[in-house]
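Here is the structure we will look at, set down as structure tokens.
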Amino acid sequence: MKAEIKAIYSLDIDDLERYVPSQRDSFSFHLRIIAGPQYESGEESFDLTVCTPKWLLENLHADEVIIGRHYLIVMYYDYERILKTVKNYCDECVGNTWTEVAEKLGRLGHWEFEDYRDGIEP
């Protein structure tokens, strides 16, 4: 089984293709990937933060530590590069079940069902 991207959008930016950050080398935004099993119905969300190293430096307080999971770090905004990177990552996510595939996608973006156990609250 393989993952298929059904949609990509931002909750922060209306038009990712035309977006121009106010600072080319310092920005951050939320990106949502909607993916599901290739050639099948069904989809789930995977959320990540796209940001630059400069934004991290400017927004990380001296006493904070960021683990870095669910971050896509870029030097500048290039929608096509970001899209290509996400699609290439998605293409590599294969498994015997959708759960196996989704767990791999969950390394890129927070999977809405991460840590879900049937009938048990996380």
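Values quoted throughout were computed directly from the atomic coordinates according to the rules given, and no laboratory measurement underlies them. Keep in mind that this is a model prediction, so the values were computed, not measured. Heads up, the Cβs are rebuilt from the backbone with ideal geometry, glycines too, and the neighbour counts pull from every protein chain shown.
Geometric descriptor of the chain, per residue, is 124 Å³ (volume of the convex hull of the Cα atoms). In a reduced charge model with +1 at each Lys and Arg Cβ and -1 at each Asp and Glu Cβ, the chain shows a dipole moment near 440 debye about its Cα centre. Taking amide H positions as modeled 1.01 Å from N, with prolines and chain starts lacking one, the residues under 5 Å from Tyr71 and 5 or more places away or on another chain are Thr49.
I'd like the chymotrypsin sites (Phe, Trp or Tyr not before Pro) in the range 9-45 restricted to DSSP loop residues with at most 15 other Cβ atoms within 10 Å, sorted by number. Could you put the intermediate results ahead of the total?
Values: sites: Tyr9, Tyr19, Phe27, Phe29, Tyr39; in loops: Tyr19, Phe27, Tyr39.
Counting only loop positions with at most 15 other Cβ atoms within 10 Å, the chymotrypsin sites (Phe, Trp or Tyr not before Pro) in the range 9-45 are Tyr19, Tyr39.
Computed 3J(HN,Hα) for the range 102-107, one whole-Hz value per residue from the Karplus formula 6.51 cos²θ - 1.76 cosθ + 1.60 where θ = phi - 60°, is 5, 4, 5, 4, x, 6, glycine and proline marked x.
Normalised by the number of residues in the chain, the average gap of Cα pairs under 8 Å and 6 or more apart makes the relative contact order 30 percent. In units of the rule-of-thumb radius 2.2 N^0.38 Å, the range 23-93 shows an alpha carbon radius of gyration of 1.29. Evaluating 6.51 cos²θ - 1.76 cosθ + 1.60 at θ = phi - 60° for every residue in the range 93-100, the Karplus couplings come out as 8, 10, x, 6, 9, 5, 4, 4 Hz, glycine and proline recorded as x.
Can you give the % of DSSP beta bridges in the chain that are antiparallel, to the nearest 5? Mind showing how you got there, number by number?
On the way: 18 of 21 bridges.
That works out to approximately 85 percent antiparallel.
Applying the criteria of a DSSP loop state and at most 13 other Cβ atoms within 10 Å to the GluC sites (Glu not before Pro) of the range 1-73 yields Glu17, Glu40, Glu64. Of all the stretches in the chain, which is the longest one without any exposed loop site, taking trypsin sites (Lys or Arg not before Pro) in a DSSP loop (any state but H, G, I, E, B) with at most 15 other Cβ atoms within 10 Å? Longest run free of exposed loop sites: 25-68.
Remark: the range 22-32, residue by residue, has Karplus-estimated 3J(HN,Hα) of 5, 10, 4, 10, 8, 7, 8, 7, 8, 10, 10 Hz, where x stands for each Gly or Pro and the curve is 6.51 cos²θ - 1.76 cosθ + 1.60 at θ = phi - 60°. Exposure proxy for Leu31, Leu60: other Cβ atoms within 10 Å of each Cβ, ordered fewest to most, give Leu60, Leu31.
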